[in-house]
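S.K.: Below is the structure I would like to discuss, written out as structure tokens.
The values are calculated or read from the model by the stated rules, or taken from the named source; none is laboratory data. All values derive from a computational prediction rather than experimental measurement. Reconstructed Cβ throughout: ideal geometry from the backbone, glycine too, with neighbour counts over all protein chains shown. Note: accessible area is taken over every heavy atom of the protein model, side chains too, but ligands, DNA and RNA are not part of it. Shrake-Rupley method; radii C 1.70, N 1.55, O 1.52, S 1.80 Å.
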Amino acid sequence: MADINTFIIEHEILVRLSFFFGIFILMAIWEMLAPRRKLIIPKLMRWSNNLALVFLNSLILRVLFPAAAVGMAVFTKEEGWGLYNYYDISYVVMVISSVVILDAMIYLQHVMVHAVPVLWRLHRVHHADPDFDVTTGARFHPLEIILSMLIKFSVIAVLGPPVIAVIIFEILLNATAMFNHSNIRLNTTVDKLLRLIIVTPDMHRVHHSVEVDETNSNFGFNLPWWDWLFGTYKAQPKAGHENMLIGIKDYNQIRQVTWLSGILTLPFIGKVSDYVINRRYDNK
Ligand SMILES: [Zn+2]
Ligand SMILES: [Zn+2]
């Protein structure tokens with residue numbers, strides 16, 4: 001156990017990249033073999049722009065925070081910061097609870113970027129994608145990526161989680177984001193069972209609906225429990241998965257929502273519209 005821990009910590013970047021590419025390729029093939037919906041925009045155009053954004057984001061993160069969240073966890077440990085450095089808790093409990101707590105924080109952060117108008121401007125980049133597939137999972141504005149990292153740093157500094165827990169969490173978040181954004185068809189029973197422990201593509205697709213009450217549902221990225229607990233769970237979209245519209249109402253100019261230049265300027269254009277806090281009404 002200790003040997004595996006040391007290996008993972010020493011080869012953290014290699015381990016994370018291998019998981020990223022491995023799961024990306026797996027989901028991309030799965031999407032081709034069993035697609036859930038017909039895509040609207042040609043894949044080559046969307047993928048080249050979405051992946052260019054992912055590449056740009058990794059570059060920015062590498063420059064600003066070369067040691068990333070794992071570096072922060074190491075630093076926190078060295079400084080003796082964080083609650084877990086004050087209590088004598090079993091290592092396994094610390095690792096598991098840290099992953100769960102970090103996931104709960106990501107859920108709360110996601111709710112926050114929907115609720116605060118200026119943060120919604122940034123988060124619009126993720127939602128303006130007119131299609132929903134594996135590349136959507138990593139499509140975030142660089143400023144939102146920086147904000148996420150700073151929030152993660154703060155949580156790590158306060159909690160003081162074991163370094164391995166942060167690595168597991170980063171890999172999990174990355175893997176599940178690609179899984180639950182993928183355009184794959186899952187058997188209804190399998191989907192139902194999986195939803196007990198993980199956010200499935202059908203569950204997260206509801207969150208990418210143009211209908212505001214659906215967009216403001218299913219905020220979870222990893223564990224589905226937070227949406228049930230905090231009352232933001234919606235099982236299915238009203239129009240059904242094949243017919244529902246993906247994206248944001250009135251944001252349908254290809255150049256604006258698909259091209260990298262449009263994506264990067266998206267937070268700075270137009271009004272935030274009538275998208276306001278607490279719009280989870282039912283359109284009955
Ligand atoms: Zn969202
Ligand atoms: Zn999403």
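S.K.: Determine, yes or no, whether residue 184 is open to solvent by less than 10 Å² (accessible area, probe 1.4 Å), in contact (Cβ under 8 Å) with a residue 24 or more places away in the chain, within 20 Å of residue 25 (Cα to Cα) and more than 13 Å from ligand 2 (Cβ to nearest atom).
M.R.: Answer is yes for this residue.
S.K.: Also: In the set 156, 167, 171, which member is assigned to a helix (DSSP H, G or I), more than 12 Å from ligand 2 (Cβ to nearest atom) and either of a type in the set (Phe, Trp, Tyr) or over 17 Å from the mean Cα position of the chain (by Cα) (or both)?
M.R.: 156
S.K.: Would you check which residues across region 196-216 are open to solvent by 20 Å² or more (accessible area, probe 1.4 Å) and touching a Phe, Trp or Tyr at 6+ places or on another chain (Cβ under 8 Å) and list them?
M.R.: Once the filter is applied, which keeps residues that are open to solvent by 20 Å² or more (accessible area, probe 1.4 Å) and touching a Phe, Trp or Tyr at 6+ places or on another chain (Cβ under 8 Å), region 196-216 yields 198, 212.
S.K.: Among the residues of region 89-137, how many are under 23 Å from residue 164 (Cα atoms) and within 14 Å of ligand 2 (Cβ to nearest atom)?
M.R.: Residues flagged as under 23 Å from residue 164 (Cα atoms) and within 14 Å of ligand 2 (Cβ to nearest atom) within region 89-137 amount to 3.
S.K.: Do you know which residues across region 22-57 are in a helix (DSSP H, G or I) and open to solvent by 60 Å² or more (accessible area, probe 1.4 Å)?
M.R.: Within region 22-57, 25, 26, 29, 30, 32, 33, 43, 44, 45, 48, 51, 55 qualify.
Okay, residues lined up against (1) under 26 Å from residue 94 (Cα atoms); (2) more than 15 Å from ligand 1 (Cβ to nearest atom):
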{"residue": "149", "(1), (2)": "yes, yes"}
{"residue": "154", "(1), (2)": "yes, yes"}
{"residue": "228", "(1), (2)": "yes, yes"}
{"residue": "232", "(1), (2)": "no, no"}
{"residue": "240", "(1), (2)": "no, yes"}
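S.K.: Ok, one more. Six or more apart or on different chains, Cβ atoms under 7 Å: show the pairs whose first residue is in region 137-160 and over 26 Å from residue 201 (Cα atoms) and open to solvent by 40 Å² or more (accessible area, probe 1.4 Å) and whose second is part of a helix (DSSP H, G or I) and of a type outside the set (Gly, Ala, Ser).
M.R.: 158/83
S.K.: Given the structure, is residue 193 within 14 Å of ligand 2 (Cβ to nearest atom), open to solvent by 10 Å² or more (accessible area, probe 1.4 Å) and in a helix (DSSP H, G or I)?
M.R.: No.
S.K.: On the basis of being within 14 Å of ligand 2 (Cβ to nearest atom), β-branched (Val, Ile, Thr) and under 22 Å from residue 100 (Cα atoms), does residue 199 make the cut?
M.R.: Considered against the rule, which asks whether it is within 14 Å of ligand 2 (Cβ to nearest atom), β-branched (Val, Ile, Thr) and under 22 Å from residue 100 (Cα atoms), residue 199 comes out as yes.
S.K.: Out of everything in region 217-267 that is of a type in the set (Val, Ile, Thr) and open to solvent by 10 Å² or more (accessible area, probe 1.4 Å), what residue ends up being nearest to residue 43 (Cα to Cα)?
M.R.: Ranking the qualifying residues of region 217-267, first place goes to 254.
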